[in-house]
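The values are calculated or read from the model by the stated rules, or taken from the named source; none is laboratory data. Everything numeric here is computed off the predicted structure, so don't read it as measured data. For neighbour counting, all protein chains shown are included, and Cβ atoms are generated from backbone atoms with ideal geometry for every residue, glycine included.
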């Protein structure tokens, strides 16, 4: 018997592109059993679009159960997705942003993988499009510096170590199992929903990467979370930003991860536990770097020699930021 399929669509002032996304969901080669739309305090016409879609879908697709959740006080991206996912009834749950367009085979492709008991979360590549729907000429994985080796590592069970370097899982491409919600919820405060779900799936050897575009991922000025190619302008902005906020967030994330791993005791493999603790050690070094840039250098070099900038971060990009980003208390 085919697993029951839920789709979660989270919205916030998404009227401009929402209809395209919703139409692509009911245009799938395999239709979902349930669509849960959770609106996060929209003030534009998003809710009217949702109401019309639900009315039309109940007539055209009576086999699809449509549910609408409305929040008057903003939950934020993480809170909205966590709430909406918790309200689904499906065995497999596909996530959708409000402004993308699904390829027709998306659900069919991910269901075929998700039926395997070991698979907790699958995610895919995506075509990147602009506001008008025109291709930007490159794929999502390219912006994440995710190559064939990364995909092979994840699909051979080494996903946790890959995710200790940086997140490569984009929530708009995710399908997760009901079991994963039982393992991963509640989501810690310092993590986005897709990052945390991917990490928990990977620590249980249940993360799968699909190197195939299954959605068109729209990039526009109002993206809350998007994909951009790293360029000189972005690096200039990062380098000029104080390191305190970033490093505090990274440290808190690592602390929350280690607390979660340690709380699971023998259910977590020793290599996963070691990788989580190594990540925490790396972020502690970065957090405790001196304010004066020249005094940071010995510690940065030592951490580079240990290999942790590459095993637990973005390699030389992290070194560059740690050398040059100003300190809030000393811009020298």
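Considering each of 299, 306, 284 in turn, give the residue that is in the same structural domain as residue 251 (by TED's automatic domain parsing) and either out of contact with any helix residue (DSSP H, G or I) (no Cβ under 8 Å at 6 or more places or on another chain) or at positive phi (or both).
306
Scanning segment 1-12 for residues that are over 19 Å from residue 192 (Cβ atoms), modelled with pLDDT of 95 or more and not in a strand (DSSP E or B) returns 3, 4. When segment 294-315 is examined, which residues are found to be over 22 Å from the mean Cα position of the chain (by Cα) and either part of a loop (DSSP other than H, G, I, E, B) or at pLDDT below 95 (or both)? Within segment 294-315, just 307 meets the criteria.
Being under 16 Å from the mean Cα position of the chain (by Cα), at pLDDT 95 or above and on the phi < 0 side of the Ramachandran plot is true for just one of 126, 118. Which residue is that? One residue alone meets the criteria, 126.
Return the residue satisfying two criteria in turn: it lies in segment 152-186 and is surrounded by fewer than 21 Cβ atoms within 10 Å (Cβ to Cβ) and in contact with a helix residue (DSSP H, G or I) (Cβ under 8 Å, 6 or more places away or on another chain), and of such residues it is nearest to residue 214 (Cα to Cα).
Taking the candidates together, the pick is 167.
Residues of segment 190-222 that are within 18 Å of residue 84 (Cβ to Cβ) and part of a loop (DSSP other than H, G, I, E, B): 191, 192. Could we say that residue 30 is in a loop (DSSP other than H, G, I, E, B) and closer than 25 Å to residue 128 by Cα here? Considered against the rule, which asks whether it is in a loop (DSSP other than H, G, I, E, B) and closer than 25 Å to residue 128 by Cα, residue 30 comes out as yes.
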